[in-house]
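Comments concern the structure below.
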Amino acid sequence: MQPFVVGLGGTTRASSTSETALRLALDAAAAAGARTELFGADYLSGLPMYDPDRPPGGSGRRLVEALRAADGVIVCSPGYHGSVSGLVKNALDYAEDLRDDTRPYLTGRAVGCVTTAYGWQAAVTTLQALRTIVHALRGWPTPLGAALNVAEGRDGRGWHPDERVLGQLRTVGLEVCGRGVVPPPRGVRGAHQNGSSDPATVVGTR
């Protein structure tokens, strides 16, 4: 079966690093054979605040139905004051409408968690917060969660992720659609958060 992977995230800033990272992870899932759908900043910024006492309108219904059909989900949030952005949290709140499903909330779905911030502390604390939200929604966070310090690799022309970062995002995309993980990029010891990770822990795809 062709897995269906939903991606959501981004900010209102054009070409944001969080939406760029999300697209890279989704691209890896698509390259592995998954069908994907992106709910980026343009969509999320127009999404009404979630109201548990009212059925979702047209735009919210589209997100709820996509999450209901999803085999896997990738979420990418910027680190705002050490936690998940309001834009992303509001979108995740719509999963409450799945509470009475046969598979309530995100039960049975692999969920890849990616965070971006201008510094390691915010990137890591936001990743921890995002994984906690996924647990509360009964999803299964993938073994690798990518916390990205986007102050690294940024210049006046934008953000340029290096091979280590690209390896992390590819791994998240592949883990979500059940295709294992990518081998480490050439010259890089591992596609993990810590550059000193043992390369033997990065297993080639089957």
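The values are calculated or read from the model by the stated rules, or taken from the named source; none is laboratory data. The structure displayed is predicted, hence computed values, not measured ones. All Cβ positions, even for glycine, are placed from backbone atoms using ideal geometry, and neighbour counts span all protein chains on display. Ligands, DNA and RNA are stripped out before the accessible areas are found, and what is left, the full protein with its side chains, is counted by its heavy atoms. Shrake-Rupley method; radii C 1.70, N 1.55, O 1.52, S 1.80 Å.
Considering only residues that are in a loop (DSSP other than H, G, I, E, B) and without any contact (Cβ under 8 Å) to a residue 40 or more places away in the chain, look in segment 11-24 and name the one that is nearest to Leu130 (Cα to Cα).
Ranking the qualifying residues of segment 11-24, first place goes to Arg13.
Condition check: surrounded by 12 or more Cβ atoms within 10 Å (Cβ to Cβ) and within 26 Å of Gly178 (Cβ to Cβ). Does Tyr50 satisfy that?
Considered against the rule, which asks whether it is surrounded by 12 or more Cβ atoms within 10 Å (Cβ to Cβ) and within 26 Å of Gly178 (Cβ to Cβ), Tyr50 comes out as no.
Residue under question is Leu44, and the condition is that it be under 26 Å from Ala147 (Cα atoms), surrounded by 16 or more Cβ atoms within 10 Å (Cβ to Cβ) and either aliphatic (A, V, I, L, M) or modelled with pLDDT of 95 or more (or both); does it hold?
For Leu44, the condition - under 26 Å from Ala147 (Cα atoms), surrounded by 16 or more Cβ atoms within 10 Å (Cβ to Cβ) and either aliphatic (A, V, I, L, M) or modelled with pLDDT of 95 or more (or both) - is met.
Taking the condition in contact with a helix residue (DSSP H, G or I) (Cβ under 9 Å, 6 or more places away or on another chain), buried (at least 16 other Cβ atoms within 10 Å of the Cβ) and touching a residue at least 12 places away in the same chain (Cβ under 8 Å), does Ala70 pass?
No; evaluated as a whole, the condition is false for this residue.
Need pairs with beta-carbon distance below 6 Å; first residue closer than 13 Å to Ala110 by Cβ and open to solvent by less than 40 Å² (accessible area, probe 1.4 Å) and within segment 133-146, second at pLDDT 95 or above and among the aromatic types (Phe, Trp, Tyr); sequence gap 6+ or separate chains.
Short answer, once both residue conditions are applied: Leu137/Tyr105.
Considering segment 131-167 alone, what residues qualify as being in contact with a helix residue (DSSP H, G or I) (Cβ under 9 Å, 6 or more places away or on another chain), in a helix (DSSP H, G or I) and modelled with pLDDT of 95 or more?
Listed by number, the residues that qualify are Ile133, Val134.
Does Gly119 count as in contact with an Asp or Glu (Cβ under 8 Å, 6 or more places away or on another chain) and within 17 Å of Ser18 (Cβ to Cβ)?
Here the answer is no, as Gly119 does not meet what is asked.
Got a sec? Which of Gly86, Gly57, Gly82 is at positive phi and surrounded by fewer than 18 Cβ atoms within 10 Å (Cβ to Cβ)?
Exactly one residue qualifies, and that residue is Gly82.
One residue is enough: does segment 85-103 have a residue meeting the conditions part of a loop (DSSP other than H, G, I, E, B), more than 22 Å from Pro161 (Cα to Cα), in contact with a helix residue (DSSP H, G or I) (Cβ under 7 Å, 6 or more places away or on another chain) and of a type in the set (Phe, Trp, Tyr)?
Checking segment 85-103: not a single residue is part of a loop (DSSP other than H, G, I, E, B), more than 22 Å from Pro161 (Cα to Cα), in contact with a helix residue (DSSP H, G or I) (Cβ under 7 Å, 6 or more places away or on another chain) and of a type in the set (Phe, Trp, Tyr).
Does Asp27 count as of a type outside the set (A, V, I, L, M), without any contact (Cβ under 8 Å) to a residue 40 or more places away in the chain, part of a helix (DSSP H, G or I) and under 27 Å from Ala123 (Cα atoms)?
So Asp27 does not fit the description; no.
Just to be sure before I move on: is Leu8 at pLDDT below 95, open to solvent by less than 60 Å² (accessible area, probe 1.4 Å), within 20 Å of Asp97 (Cβ to Cβ) and not in a helix (DSSP H, G or I) in the structure I sent?
no
Can you find even one residue in segment 14-35 that is open to solvent by 10 Å² or more (accessible area, probe 1.4 Å), on the phi < 0 side of the Ramachandran plot and over 17 Å from the mean Cα position of the chain (by Cα)?
Yes, because at least one residue in segment 14-35 is open to solvent by 10 Å² or more (accessible area, probe 1.4 Å), on the phi < 0 side of the Ramachandran plot and over 17 Å from the mean Cα position of the chain (by Cα).
Which numbered condition in (1) open to solvent by 10 Å² or more (accessible area, probe 1.4 Å); (2) at pLDDT 95 or above; (3) within 19 Å of Thr12 (Cα to Cα) is the only one that Leu127 fails?
Status for Leu127: all satisfied but (3).
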